[in-house]
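Asker: Below is a structure I'd like to ask you about.
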Amino acid sequence: MRFFQTFSQVALLASAVYASIVPVPEPKLDISASFTDDNPFGQVVNGQRTKLIVKILNQGTANLTLEDIAGSFHDADTGKTLRNITASKFNMPIIEGMNLTFPYFVTSELRPKDTKLHVWANIKDANENRFRMTAFDSVVAVVEPAKSIFDFQIQKGRTGAVPAAVAAEVPLPATPGGAARYEEEWIPSHHLQGAGKARKSKGDALSSGDESTGARKRKVSGKR
């Protein structure tokens, strides 16, 4: 009797050891991540939230749970971890055959260069087994935000205002008699009317003078 009891204990221990050695197979999930349509080149802008779309399709028969989505930045050459990205918690059930989409935002404060981005999903099955499944693992471009026109105006204000260009004067051809010529379309109409009256009065005065001179000449001729 004692033999069978000892044997069953040994068998139970062996079963536990075997279970701890043999890994639990990963759930059958089709998981991927991509940048949004307004970011076709997959750039991560420093100081701004960059959105990724994580898609998960449960192709297996087991019901699973998405605990969270997390990520990290790594050196593109050495693989060294540069920064961990804050995880987004979901605790969302993923039932057999379900196809779900989740947003995930990454933020960077790194030196602008090509950097490896790694994004994964933490999955849990019904037996509390947990799996880290990769959704994105590729090199992206970390860039600085583009400067706006307001930055240019601020910079111009600091360096001093740019002097306005002086309009060049276009010389006009001289008129006979040396009188200056001008373009009337640049002069207000009431000034032109006043100038016209003055010229007319002056013309009338000259005509009267001419008549007086002619009269004197006729008088002198009569005396002769």
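Quick note: the coordinates plus some simple rules give every number you see, no bench work behind them. Please read these numbers as outputs of a predicted model, since none were measured by experiment. Here the Cβ is made from the backbone with ideal geometry for all residues, glycine too, and neighbour counts use every protein chain on show.
Asker: Which of the residues belonging to the range 121-133 are farther than 18 Å from Pro103 by Cβ, part of a strand (DSSP E or B) and not hydrophobic (A, V, I, L, M, F, W, C)?
Answerer: Lys124, Arg130, Arg132
Asker: Regarding Ile85, is this residue under 24 Å from Leu110 (Cα atoms) and aliphatic (A, V, I, L, M)?
Answerer: It is true that Ile85 is under 24 Å from Leu110 (Cα atoms) and aliphatic (A, V, I, L, M).
Asker: Quick test for you: out of Leu110, Leu117, pick the one residue that is surrounded by 11 or more Cβ atoms within 10 Å (Cβ to Cβ) and outside any strand (DSSP E or B).
Answerer: Leu110
Asker: Six or more apart or on different chains, Cβ under 8 Å: which pairs go from a residue in the range 83-110 that's under 27 Å from Gln48 (Cβ atoms) to one that's assigned to a loop (DSSP other than H, G, I, E, B) and among the charged types (D, E, K, R)? Could you list them?
Answerer: So the pair list comes out as Arg83/Glu109.
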